Every structure is written in structure tokens, then in C-alpha cells.
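To start, the structure itself, in C-alpha cells.
The values are calculated or read from the model by the stated rules, or taken from the named source; none is laboratory data. Computed from a predicted structure; not experimentally measured. No Cβ is skipped: glycine too gets one built from the backbone with ideal geometry, and neighbour counts run over all protein chains shown.
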Amino acid sequence: MDLSTPHVMGILNVTPDSFYNGSRKQTTQEITDRVNQIIEEGASIIDIGAYSSRPNAENISAEEEMQRLRTALHIINKEHPDATVSVDTFRADVAAMCVEEYGVAIINDIAAGEMDSHMFDTVARLNVPYIMMHMQGTPQTMQNTPHYDNLIKEIFLYFAVKIERLHAMGVKDIILDPGFGFGKTTAHNYELLNNLQEFSIFDMPLLVGVSRKSMIYKLLGGSPSDALNGTTALNTISLLKGADILRVHDVKEAVETVKIVEAMRNGLNL
């Protein structure tokens, strides 16, 4: 995938309890409509998740997660067999099933191997790109008074150790996600955003997922449903600071944001 122009990753949540209720899709028709919408609005990646990672989310079994994913992946392969799909999971056996049975192209792990000791081995064996996110704690504990002595330094060290380990195992394609909202206060999130360009030191693609998150509506008021304008503002800042992939609920708006930023950078003969 050519990342000289940033890409948009459309979120497909096949869960009953994701933090943004507008993203919850469970029936065959809902999933089909959402997949078609993601593709038609211009996303180049579909990111499918069956385990809600919102704070205090219910912990479902691997079997339940696989069952939800199988239903959705069957629909995607039927409707859009050429689509690039990533699976949002921290479980190695779930990741392996998605890649081996359905041809999923990317593993998107919010825990960077912390919640399943077999994940790095599985990624190396499957030989697929790996999105590695920073999170302090687990989805059930991450917002219980998160603390850092030096936020950026600690995230950098977290990634550096894991990158070295993955490279030693033969994993080549690593994408970094700094983990907005995962074990971070609102102040931490804006400090992270302000220093986002510093991640270029790793010389790896950078994924940013701020879509409709609490760092927006805790600052501006309202709820996730009111946070589209704030999302667009943060996506614009992220692109200007080096983001290569935007993970979003609202694909059309993100694609337009990428086009505007790229026009500014490169100039257009209008």
C-alpha cells in the first residue's frame, strides 16, 4: 500500500456496546450497508472489531468474538472480495482465524501483545502488517487514574522495546498507533497530539484514531454524537503532524480532509 498519500480506515464495529452507538452493527443488513458505505465513501481499509474496547467494556470470550467476526467477514468477502481488511483484536487465535480463513490483510492490536503472549509469534508466522497501539492497562482498567512521569518518553520507550523484539522475530511491516484515549487523560491526549510529529523518529507509518472520542466532547461538551466537527479538526491537525492513516467512523468527512490537506501541501492546478 502506497502511503505517500494518507489513507482512511473505516470502522466496522460488530458489537452491541461500542462507545459510539452510531457505529454498532449486528444484523446482516446493517453490516452489509456499513461495508458498502465505507467503500463507497472512499476508505481504503475496513477495520472490523467484535470486542468493544471502551472503558469498562464487557469482556467477551474468544469464541463469541470469532462468531461475530465470521459473520461479518463472510459478508465482506462476498460483497467486496478485493477490499483490504484489518481485524481489531488483541487475541492471537482470533487474529490467526481471520487471516487464515478469510484472508484478512492486517492485524490491529490495541494491546501490542500485552494481553496475549502469543500475539507476536502469531504475527511473525502469519507475515502480515501489524498495527501496534500504546495502552496503559486494559480496556477494563485503563481510565483508572492514568499517570505518566513523562508521557512522550514513556510511549517512545514502550514502542522501541516492542519494535526491537518484533524485528528480531522477522516482523517487517509495523504501524504505530499512539493510542489516543487508551489509558490517558484529556490533558495527556492533547499533549500527545501536540507532539505527534515526534513519532517520525521511528520511520514507520503512523495511525491516528481520534474519531468521536472523549478528548473532543469532554472539552467541547455533548457526547460522541456531537463530536464530528471536533473529529475533523483533530484529523486535520494529525495529518499536518504526519499521520499516514486515519481510523474513523465518518469516512466521507475524513476523505475530504485528506484531499484538502494534500491540496494544500502539493498545490493543485484548479
Notebook entry, point to check: Quick check, is S200 touching a Gly at 6+ places or on another chain (Cβ under 7 Å), part of a helix (DSSP H, G or I) and in contact (Cβ under 8 Å) with a residue 60 or more places away in the chain?
Noted result: no
Notebook entry, point to check: Going by the structure shown, is K184 of a type outside the set (V, I, T), under 23 Å from D47 (Cβ atoms) and touching a Gly at 6+ places or on another chain (Cβ under 7 Å)?
Noted result: no
Next item on the list: Would you check which residues across region 203-229 are in contact (Cβ under 8 Å) with a residue 12 or more places away in the chain and over 18 Å from K184 (Cα atoms) and list them?
Entry: M204, P205, L206, S225, A227, L228
Next item on the list: Determine the pairs where a residue that is more than 14 Å from I175 (Cα to Cα), located within region 120-131, has a partner that is part of a strand (DSSP E or B) and of a type in the set (A, V, I, L, M) with Cβ atoms under 9 Å apart, the partner being 6 or more residues away or on another chain.
Entry: T122/I107; L126/I107
Next item on the list: Answer yes or no: is there a residue in region 124-146 that is at pLDDT 90 or above, closer than 19 Å to I38 by Cα and surrounded by fewer than 22 Cβ atoms within 10 Å (Cβ to Cβ).
Entry: no
Checklist line | The one condition in (1) closer than 29 Å to M264 by Cα; (2) over 18 Å from the mean Cα position of the chain (by Cα); (3) crowded, with 19+ Cβ neighbours inside 10 Å that I201 fails to fulfil | finding: (3)
Next item on the list: Spot the failing condition for D93; the list is (1) in contact with a Pro (Cβ under 7 Å, 6 or more places away or on another chain); (2) over 25 Å from M215 (Cβ atoms), and only one is missed.
Entry: (1)
Margin query: Here is a check on your reading of the model: is D82 over 30 Å from T185 (Cβ atoms), in a loop (DSSP other than H, G, I, E, B) and without any contact (Cβ under 8 Å) to a residue 60 or more places away in the chain?
Written below: yes
Checklist line | Scope region 112-122; condition within 17 Å of G49 (Cβ to Cβ) and modelled with pLDDT of 95 or more; matching residues | finding: A112, D116, M119
Checklist line | Every pair of residues 6+ apart whose Cβ atoms lie under 8 Å, when the first sits in region 7-35 and is closer than 19 Å to S225 by Cα and at pLDDT below 80 while the second is among the aliphatic types (A, V, I, L, M) and surrounded by fewer than 22 Cβ atoms within 10 Å (Cβ to Cβ) | finding: D17/A57
Next item on the list: Count, please, the residues in region 204-227 that happen to be more than 18 Å from A112 (Cβ to Cβ), among the aliphatic types (A, V, I, L, M) and surrounded by 15 or more Cβ atoms within 10 Å (Cβ to Cβ).
Entry: 4
